[in-house]
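Below is one structure, written out as structure tokens, with a few remarks after it.
The values are calculated or read from the model by the stated rules, or taken from the named source; none is laboratory data. Because the structure is predicted, anything quoted here is derived from the model rather than measured. When we count neighbours, we look across all protein chains shown, and the Cβ atoms used for this are built from the backbone with ideal geometry, even at glycine.
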Amino acid sequence: MVTATLSQPRRAPQSWPRWIFDTLLWVLLLGPVISPLFRATGLPLIADAGLLARDLLSVYVCPTPERSYMLLGLPMAVCARCWGATIGLWAARLSVAALEGSAPPLWLRPLRVLRGFDWRLRFILCALPFLLWPLEIIGAGQGWWFAPLWLLLLNGAQAGFAAGLFFCSAWPGMWEPRAKGV
């Protein structure tokens, strides 16, 4: 029996459009703010859309919707922690964009080291900041402490920044790995 192997040329890795990633970030940033604004209008379809967004996000996404900032006397669609995570995602996206220049700021250079790691190690490192979330949620639920909203915002922002770094490194064409020997 004879076996033949046909070699196929390697295809160049495909890049995904960055505008899709950025659009998702804009929806995450503006959605929770628009919800109370829509509800405050009192207009039938617009107010219902804002209420639907609040109900969906508070039931299926946000672990503590009662800890949200108030806007026009109505709660935002997500808690301060989730809102902070969105801010952290944006900070990571802007940091990765700043790395594309020829001379990135000195404080951003360690991010290039992170990008050089295997994706599994990057995932584990970027998931570690999320361990503070259950600690804070359980502690507040047990009555051990009651964190102010600004602390929830910071807790979310640091975890969102780490998640944003991972998502930017996993998005094809968003953040290319460092070349060997550079």
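The residues listed here are Pro104, Pro63; of these, the one that is in a loop (DSSP other than H, G, I, E, B), without any contact (Cβ under 8 Å) to a residue 12 or more places away in the chain and surrounded by 14 or more Cβ atoms within 10 Å (Cβ to Cβ) is Pro104.
The set of residues in the stretch 111-170 that are of a type in the set (D, E, K, R), farther than 16 Å from Ala80 by Cβ and surrounded by 16 or more Cβ atoms within 10 Å (Cβ to Cβ) comprises Arg115, Arg122. Consider Ala140 carefully, then state whether it is out of contact with any helix residue (DSSP H, G or I) (no Cβ under 7 Å at 6 or more places or on another chain), assigned to a helix (DSSP H, G or I) and of a type in the set (Gly, Ala, Ser). When the stated conditions are applied, Ala140 passes them. Pro172 satisfies every condition listed in (1) in a helix (DSSP H, G or I); (2) in contact (Cβ under 8 Å) with a residue 12 or more places away in the chain; (3) closer than 26 Å to Trp16 by Cβ except (1).
Could you grab me the full set of residues in the stretch 14-58 that are of a type in the set (S, T, N, Q), within 20 Å of Gly164 (Cα to Cα) and in contact with a Gly (Cβ under 8 Å, 6 or more places away or on another chain)?
Residues of the stretch 14-58 of a type in the set (S, T, N, Q): 14-15, 23, 35, 41, 58.
From the residues that got through so far, the ones that are within 20 Å of Gly164 (Cα to Cα) too are 15, 23.
Result: Ser15, single match.
Of the numbered criteria (1) without any contact (Cβ under 8 Å) to a residue 12 or more places away in the chain; (2) more than 26 Å from Cys62 (Cα to Cα); (3) of a type outside the set (Asp, Glu), the one Gln142 fails is (2).
Taking the stated definitions as given, is Leu57 within 27 Å of Ala127 (Cβ to Cβ), in a helix (DSSP H, G or I), free of Cβ contacts under 8 Å to residues at least 40 places away in the same chain and not basic (Lys, Arg)? So Leu57 passes the test.
Listed by first and then second residue, the pairs with beta-carbon distance under 6 Å, at least 6 apart or on different chains, first residue in the stretch 69-95 and surrounded by 24 or more Cβ atoms within 10 Å (Cβ to Cβ), second among the hydrophobic types (A, V, I, L, M, F, W, C) and not in a helix (DSSP H, G or I), are Val78/Cys62; Cys79/Cys62; Cys82/Cys62. Inspection of the stretch 69-84 identifies no residue that is at pLDDT below 90, of a type in the set (Phe, Trp, Tyr) and over 16 Å from Phe167 (Cα atoms).
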